[in-house]
Each structure stands twice: as C-alpha cells, then as structure tokens.
Amino acid sequence: MSPVNTRQNLSKKCMTRIGDDKLTPLIISVSVVVALFVLHVVGVLRPVESFIVSTASPVQNFLFVKAQNISGSLSLIGSLKSVAEENTTLEKKVGELESEMAHLKEVERENELLRKQIGFAKNEPVETIPALVVGLDPTSLVQSLNVDKGVKDGVQIGRPVIDSSGAMLGKIVKADDRSSSVLLLTDSNSSVVGITQDSRATGVLNGEHGLALTMSTIPQDKDVKSGERVVTAGMEKGMPKGLLIGEIAEIKAHDNELFKEAKVSPLGDFKAIEMVFIVK
C-alpha cells in the first residue's frame, strides 16, 4: 500500500472516532430524558417526584412570602414619602393662609377705626389726619409715641391728637417730613388748659407720670363736682375749643388757698393705641 493511501485511511478513522466522541454524550442525554419520561408516564418516579415537591414547597412558599414582604415594604416607603411631601405642601399653604388672615384682620381693624372716626367727624366740626402709631417710648420717664405722618402730610407742632372717639390723647411736640412725635396728656411735662362743661371752671391739666391728670388753678368760687366732664378751653395756639379730655374724679380744696385742684380721669384710650387722629 502506498504511503498516500495509508495517510487517507488514518484520516478517515480519526474523523470517524471524533464524530463518535461528539455523538456519544448527546445519545446518552437523549436516552436519559426518554427513560425518565417513560418512567414518569408509567408512575415509577411518582414517589421521588412527590418527595421533591414536598421538599421544595416550603422553600418556594418562604421565597414567595419574602418577595411579597419586600414588595409591600417598598410600596409603604413610597406611600410614606408621598404623604410626607403632601404634608409639607399643606403646611406651606396653611402658613400662607394664616399670614393672609392676619393681614386681613389688621386691615379690618384699621377700617373699623376709620369708620369710628368718620362717625365722630359727622358730629364734631374738626378736620383730622389719620396716622398709625409706629413706635412707643421705651422708657417710663416720657409718655410719648411716634406716628407715620409729618409736615408733608399737614402736621404742625402744637396740634392736638385724639382717638377714634374724639377724646384727646396728647399734642404734637416734634414733626419731621413723614413722621411726628406725640407727647401724651399723662406725661408729667404735658399741660393743657381745660374747662369744666357744667361749672365752667378753667384750670391747667398736667400729667401724673402716666397715671392720671391733675387740674390745678381752679377758682375757689367754682362749684366743681365729681363726674363733671373737662374739655379743652381753646386758650392755646393751635388748640381748638371743646375737645374732650376727661372727667373729674376727686376734688381737693382748702379754705385758706386761692385755688383748688382736682384729679381728672382721662377718657382717651391710652392702653392700646394703634391709630390716632391729628387735628388740623
């Protein structure tokens, strides 16, 4: 035999062997699958299958429950985040509404004071400049306040300041372009000439350290009584006559003196001053 034929025969045998080696595992696998299928159909593998199912079932149930718990937890986290965001939005809206309500309440308060002043103006022949109180003196030595109206608004030094009922509160002692200072009647440096409405007794009213007023230099022959009202006498520059000041609370008289004096309770609202009216 020639060497060429010998090499060809060897190649064919090798190829056949390689092909057999590749087919053998496939044939074995197919044979096993067919055998298992036949045994399953016949019922021989039923005990083994039942054992495998019963063994795997708890594990399967456990994994299913855990998966459900994880899903529920993720869903709960998402819901809580959504609720937190919604609460933040609602809290912001509530804050905005409360701020708006507070502003509207202040506007209504100012309107109420203005309505009272309009009612007062119908009965009294005085023209006034409404002004908001923007500051109070921080010390107890001076009873004064600052308002947001000044010279450019028509304010003049010495002009009286009244409340919404028309009762006198004090006088302008300083005026800038857009602000003024008011010295209250109850300050010890304040003085105004007043007259009692019934007995027509005149006297000078001075403040008593923020507590009350003292009306001095009342003629002895004037029969002044408690409860009698005191108004401005109109004897000072820039002071109109007839502005309500207060009521006689107590009378102090001595026979050997030329004048007597009285304690006067002011009728102006000095406790919660928010808006005042400057008489032109």
>> I need the strands (runs of 3 or more DSSP E) fully contained in the range 211-280, keeping only those with at least 2 residues that are without any contact (Cβ under 8 Å) to a residue 40 or more places away in the chain.
In response: 229-232, 244-252
> So, in the range 185-210, of the ones that are β-branched (Val, Ile, Thr) and in a strand (DSSP E or B), which residue ends up farthest from Asp163 (Cα to Cα)?
Replying inline: Thr202
> Within the range 103-140, which residues are under 23 Å from Leu183 (Cβ atoms), more than 33 Å from the chain's Cα centre (by Cα) and at pLDDT below 85?
Replying inline: Phe120, Glu124, Val126
> Does at least one position in the range 190-202 carry a residue that is of a type in the set (Asp, Glu) and either under 15 Å from Glu250 (Cα atoms) or touching a residue at least 40 places away in the same chain (Cβ under 8 Å) (or both)?
Replying inline: no
> Among the residues of the range 139-169, which ones are assigned to a strand (DSSP E or B) and either touching a residue at least 40 places away in the same chain (Cβ under 8 Å) or surrounded by fewer than 15 Cβ atoms within 10 Å (Cβ to Cβ) (or both)?
Replying inline: Ser144, Leu145, Val147, Pro160, Val161, Ile162, Ala167, Met168, Leu169
>> Being touching a residue at least 24 places away in the same chain (Cβ under 8 Å) and either surrounded by fewer than 15 Cβ atoms within 10 Å (Cβ to Cβ) or assigned to a loop (DSSP other than H, G, I, E, B) (or both) is the filter here; which residues of the range 170-184 pass it?
In response: Asp176, Asp177, Arg178, Ser179
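Does Val193 qualify as being under 20 Å from Lys260 (Cβ atoms), crowded, with 16+ Cβ neighbours inside 10 Å and among the aliphatic types (A, V, I, L, M)?
yes
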> Looking at the range 248-266, which of its residues are within 42 Å of the chain's Cα centre (by Cα) and surrounded by fewer than 18 Cβ atoms within 10 Å (Cβ to Cβ)?
Replying inline: Ser265
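The values are calculated or read from the model by the stated rules, or taken from the named source; none is laboratory data. Values in this document were obtained by computation on a predicted structure and should not be read as measured data. Note that each Cβ is placed from the backbone with ideal geometry, even for glycine, and that neighbours are counted across all protein chains shown.
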